[in-house]
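Please treat every number below as a calculation from the coordinates, not as lab data. Everything numeric here is computed off the predicted structure, so don't read it as measured data. Note that we place each Cβ from the backbone using ideal geometry, even for glycine, and neighbour counts take in every protein chain shown.
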Amino acid sequence: MNPIPTNPATQALAASLAPLPDVGGPAQPLLSVRGLYKHYPLGKRSGTVRAVDGIDFDVRKGETLGVVGESGCGKSTTSRLIMSLVQPTQGEIVFDGLAVGSRQLPMKEYRRQVQMVFQDSYASLNPRLTIEDGVAFAPQVHGMSRSHARAQARELLEAVGLDPALFGPRFPHQLSGGQRQRVNIARALALKPRLLILDEPVSALDKSVEAQVLNLLVELKARYGLTYLFISHDLNVVHYMADRVLVMYLGRLAEIGDVQSIYRHPAHPYTQALLESRPSMDPARRRERAPLSGDPPNPIDPPSGCRFRTRCVHAQDVCASTLPPLVEAGPGQQAACLMAQPGSGWHSPQSLSEVR
Ligand SMILES: Nc1ncnc2c1ncn2[C@@H]1O[C@H](COP(=O)(O)OP(=O)(O)OP(=O)(O)O)[C@@H](O)[C@H]1O
Ligand SMILES: [Mg+2]
């Protein structure tokens, strides 16, 4: 049984299934997200979930951009929008200078360039296909010959640290979580993508296995010249993996920039609170009070102005009336906070007392 369509035209194309060449050069972002919104209407009475509520950012060629933020802030929705698994309410995605879905970059071609690895290692594997057939499946759909696809699958299994002779004939349920996640990574690489979106790829794994899979990802990135969008709730993992980090809060960007700058000098009070709420291994350094209390507000009815103001220790009246734009907050660092914007109307408590 071979369920794979064999079309001679696509077969010729797929014989050379290779990454699209670099179009715009190294200075052009690989991916640009512009004015992106995803609202889920829940019916007339219940309102609208503002899952993603106006975000702009670039993913640079060859970098790992980490994405952090509390549960429900829109991280997975952002990745689904980039994967075009859901349609944006508004906004645009540009890949290496080409609008996604345009004549120059049709959806099918784009989809091949961007692949995804999810948290749940079992969900994305077909339980009835052997590991080798599972990794060989998508390239065959794209027209690669069965023998070529299977040879490539064995190569990829080797690359992700699984002996193809041992694991190729097995089925997903015969593997551990860490081994299955290696298979998912091999599958994601099979179409030779340029961008890999990793949505909590190690969150379900034991700590020791987690470290191995992270190191594998680092190695594969260099070997195949990949770019990563790496989503994780674990700030230590993001610190280890990312070149830059994007901090999301209630569907918007709080802060973005170089990981070292942001971890050393977070400019946004939300980033500061997130970093301070990391558990410390050193009992002497345990905090007196929890810097982030309660849950984020409901994305159906987010606070006016700055989304974070209801939990922010620095909030003033102006924060309720002004939506803070992303402004320079340090070298290689931008924050959406009125405190970082001179003349915004936010006054430091010290300058307020001078006025009085
Ligand atoms: N299909 C949908 N219909 C309605 N609301 C949705 C839908 N998908 C997501 N949401 C809502 O959008 C918001 C953002 O969800 P999302 O899954 O993007 O968050 P997340 O940052 O990935 O969270 P987590 O860290 O828990 O994975 C949440 O309030 C969620 O309930
Ligand atoms: Mg998520």
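Largest mean-square fluctuation among V327, V68, V23, in a Gaussian network model of the chain whose springs join Cα atoms under 10 Å apart, belongs to V23. With a threshold of 22 Å on the Cα-Cα distance, the over-threshold entries among K108/K192; K38/K221; K38/K192; K38/K61; K61/K192 are K38/K221; K38/K192; K38/K61.
Tell me, in nm to one decimal, what length is gained between S145 and R278 on full extension, where the rule is 0.36 nm per residue of separation less the Cα-Cα distance? Computed gain between S145 and R278 is 42.9 nm. Its relative contact order, with pairs defined as Cα atoms under 8 Å and 6+ residues apart, puts the chain at 19 percent. Spatial offset of the range 37-58 relative to the range 288-341 amounts to 19 Å, using the alpha carbon center of each. Averaging the sequence gap over all C-alpha pairs within less than 8 Å and six or more residues apart, then dividing by the number of residues, gives the range 101-179 a relative contact order of 34 percent. Over the range 247-354, the alpha carbon radius of gyration divided by the compact-protein estimate 2.2 N^0.38 Å works out to 1.11. Rounded to the nearest 20 debye, the dipole magnitude of the range 247-354 is 280 debye, with +1 charges on Lys and Arg beta carbons, -1 on Asp and Glu beta carbons, and the Cα centre as origin. Think of the chain as having a plus end and a minus end, set by charges on the Cβ of Lys, Arg, Asp and Glu; of A315, G101, L235, G101 sits farthest toward the positive end of this dipole. When you filter the chymotrypsin sites (Phe, Trp or Tyr not before Pro) in the range 97-171 for DSSP loop state and at most 16 other Cβ atoms inside 10 Å of their Cβ, you are left with Y122.
The packing ranking of peptides 82-92, 248-258, highest mean first, is 248-258, 82-92, where packing means the average number of other beta carbon atoms within 10 angstrom of each residue. For the range 203-209, the Karplus equation 6.51 cos²θ - 1.76 cosθ + 1.60, evaluated at θ = phi - 60°, returns couplings of 5, 8, 9, 4, 3, 5, 5 Hz by residue, with Gly and Pro reported as x.
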